[in-house]
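One structure is given below, encoded as structure tokens.
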Amino acid sequence: MDLPSILASVEAARRAGAQHLVYVSVAHPAPVMHAYIEVRSAGERAIAEAGLTATILRPWYVLGPGHRWPYLLVPFYAIARLMPSKRESAERLGLVTLRQMVSALVRAVENPPASGEIRIIDVPKIRGS
């Protein structure tokens, strides 16, 4: 989605009195995709400014049908997690499977945060879903 669409969706949720908004953002900060991350971050800010109760999921890359080439990166992620200086980035920007993402979305819907709160679900938490 582009920024005007995201902002319109957040405003529609606010006007409708949505009890819980689930928003798929992106892991950040990250060394690439600056424009994409900025749009997703602007959506997160809009949710906070609207005072909505929300769960924000922050995957980096979701592996699934048509998106399998990143499996080639799995060994590099494993090596990076062994290096203290790279561990945090490797975890934060790790790959998640489609099954993990769907599970995290279902948990978010079934377990909303307290009214007025925003819950962030990052890659390690998505993997644990």
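Values quoted throughout were computed directly from the atomic coordinates according to the rules given, and no laboratory measurement underlies them. Because the structure is predicted, anything quoted here is derived from the model rather than measured. Glycine gets a Cβ as well: all are built from the backbone with ideal geometry, and neighbour counts include every protein chain shown.
As a test, work out the antiparallel percent of DSSP beta bridges whose residues both lie in the chain, rounded to the nearest 5. Intermediate values should be presented prior to the final figure.
On the way: 1 of 13 bridges.
For the chain, the DSSP antiparallel bridge percentage is about 10.
Run the simple label-point estimate for I120 and V32 please: 7 Å along Cα→C-beta, distance reported in nm.
So the label points at I120 and V32 sit 2.3 nm apart.
Which entry is the computed Kirkwood radius over Cα pairs in Å for this structure: (1) 14.4; (2) 15.6; (3) 19.3?
Calculated Kirkwood radius over Cα pairs in Å: the matching label is (2).
With contacts defined as alpha carbon pairs under 8 Å and 6 or more residues apart, what's the relative contact order of the chain in percent? Don't jump to the answer; show the numbers that get you there.
On the way: 181 pairs, mean separation 40.0, N = 129.
Averaging sequence separation for qualifying contacts and normalising by length gives 31 percent for the chain.
Along Cα→Cβ, 7 Å out, is where each label goes; now give me the distance between the ones at R45 and A78 in nm to one decimal.
Going from the R45 label point to the A78 one covers 4.1 nm.
About the Cα centre, and with charges only on the beta carbon of Lys, Arg (+1) and Asp, Glu (-1), how big is the dipole of the stretch 41-94? Nearest 20 debye, please. Intermediate results must be reported in sequence, preceding the final value.
On the way: 7 positive and 4 negative charges, 47 e Å.
With Lys and Arg at +1 and Asp and Glu at -1, about 220 debye.
To the nearest 20 debye, what charge dipole does the chain have about its Cα centre, counting +1 at the Cβ of each Lys and Arg and -1 at the Cβ of each Asp and Glu?
Values: 15 positive and 10 negative charges, 88 e Å.
Here the chain has a charge dipole of around 420 debye.
Among G64, A108, P124, whose Cα lies farthest out toward the positive end of the dipole of the stretch 57-129, if unit charges sit on the beta carbon of Lys, Arg (+1) and Asp, Glu (-1)?
Farthest towards the positive end: G64.
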